[in-house]
1. For the condition of a type in the set (Ser, Thr, Tyr) and over 16 Å from Thr80 (Cβ atoms), what is the one hit in Thr2, Thr29?
2. Any residue at all in region 84-103 that's within 30 Å of Cys177 (Cα to Cα), surrounded by 10 or more Cβ atoms within 10 Å (Cβ to Cβ) and at pLDDT 75 or above?
3. Which condition number does Gly17 fail, the rest of (1) more than 16 Å from Ile77 (Cα to Cα); (2) part of a helix (DSSP H, G or I) being met?
4. Here is a list: Ala114, Ala153, Ala172. Which entry is at pLDDT below 90 and outside the structural domain of Asp49 (by TED's automatic domain parsing)?
5. Out of Ser30, Ser62, Ser23, which single residue is out of contact with any Ser or Thr (no Cβ under 6 Å at 6 or more places or on another chain) and either touching a residue at least 40 places away in the same chain (Cβ under 8 Å) or outside any helix (DSSP H, G or I) (or both)?
6. Let me confirm something: among Arg39, Arg4, which residue is out of contact with any Leu (no Cβ under 8 Å at 6 or more places or on another chain), open to solvent by 10 Å² or more (accessible area, probe 1.4 Å) and touching a residue at least 40 places away in the same chain (Cβ under 8 Å)?
7. Which pairs have Cβ atoms under 7 Å, sit 6 or more apart or on different chains, and link a residue in region 44-57 that is under 15 Å from Asn82 (Cβ atoms) to one that is open to solvent by 80 Å² or more (accessible area, probe 1.4 Å)?
8. Quick test of your reading of the structure: Glu134 fulfils all but one of (1) touching a helix residue (DSSP H, G or I) at 6+ places or on another chain (Cβ under 8 Å); (2) at pLDDT 90 or above; (3) open to solvent by 70 Å² or more (accessible area, probe 1.4 Å); (4) within 30 Å of Val50 (Cβ to Cβ). Name the failing condition by number.
Amino acid sequence: MTTRNDVENMIAQVGLGDRAAFSSLYDATSAKLFGVCLRILNDRAEAEDVLQEAFVRIWQKSNTYAANGYSPMTWLITLTRNLAIDKLRARKAGSVDIDEVYDLADSGPTPEAAAVASSERGQIDGCLNELEPERAGAVRDAYLEGHSYNELAAKYGVPLNTMRTWLRRSLAKLKDCLTR
């Protein structure tokens with residue numbers, strides 16, 4: 001049974017380049033670290049790859065390990081766990097053939113066109129507010145809702161020719177307002 005102090009000493013010796021200590025550290029901790037990899041990745045081959053990469057990192061970074069009261073296994077497990085999570089994220093990201101990707105171009109207006117349209121809409125709304133409420137409503141119903149002259153005449157209770165006159169005169173007022 002390897003104690004906490006034994007693992008700390010092995011890590012310290014590995015930090016000095018001791019290959020025998022590295023072999024002992026591997027023997028003492030690889031089963032536990034492999035279990036961490038396998039639990040995260042759920043794939044034996046990938047877990048083996050990550051374990052190998054973890055021990056390469058341990059060899060490279062063991063000189064930075066500081067025995068500061070925390071368990072050396074915590075350091076080893078954290079290093080291994082982070083590598084396994086990176087591998088899992090890489091698996092999920094995957095790669096897609098560029099020919100299989102849909103065209104993601106936005107069919108909406110460009111930001112500049114949207115700003116112009118918003119400004120024009122504000123101006124049109126302002127001009128519609130200058131009309132009498134019934135006539136502004138008739139214009140909205142005719143040109144935004146698509147109602148026919150007959151439907152509008154029935155809705156507002158006026159003769160058909162009167163509705164045509166309302167719309168013609170309202171459009172003329174809107175044109176004057178918009179050109180100011």
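The values are calculated or read from the model by the stated rules, or taken from the named source; none is laboratory data. What you see is a predicted model, and the numbers here were worked out from it, not measured in a lab. In this analysis, Cβ positions are derived from the backbone assuming ideal geometry, glycine residues included, and neighbour counts consider all displayed protein chains. For the accessible areas, the whole protein counts, side chains as well, though only heavy atoms, and no ligand, DNA or RNA atoms are used. Shrake-Rupley method; radii C 1.70, N 1.55, O 1.52, S 1.80 Å.
1. Thr2
2. no
3. For Gly17, the exception is condition (2).
4. Ala114
5. Ser62
6. Arg4
7. The qualifying pairs are Phe55/Tyr26.
8. Of the numbered conditions (1) touching a helix residue (DSSP H, G or I) at 6+ places or on another chain (Cβ under 8 Å); (2) at pLDDT 90 or above; (3) open to solvent by 70 Å² or more (accessible area, probe 1.4 Å); (4) within 30 Å of Val50 (Cβ to Cβ), the odd one out for Glu134 is (4).
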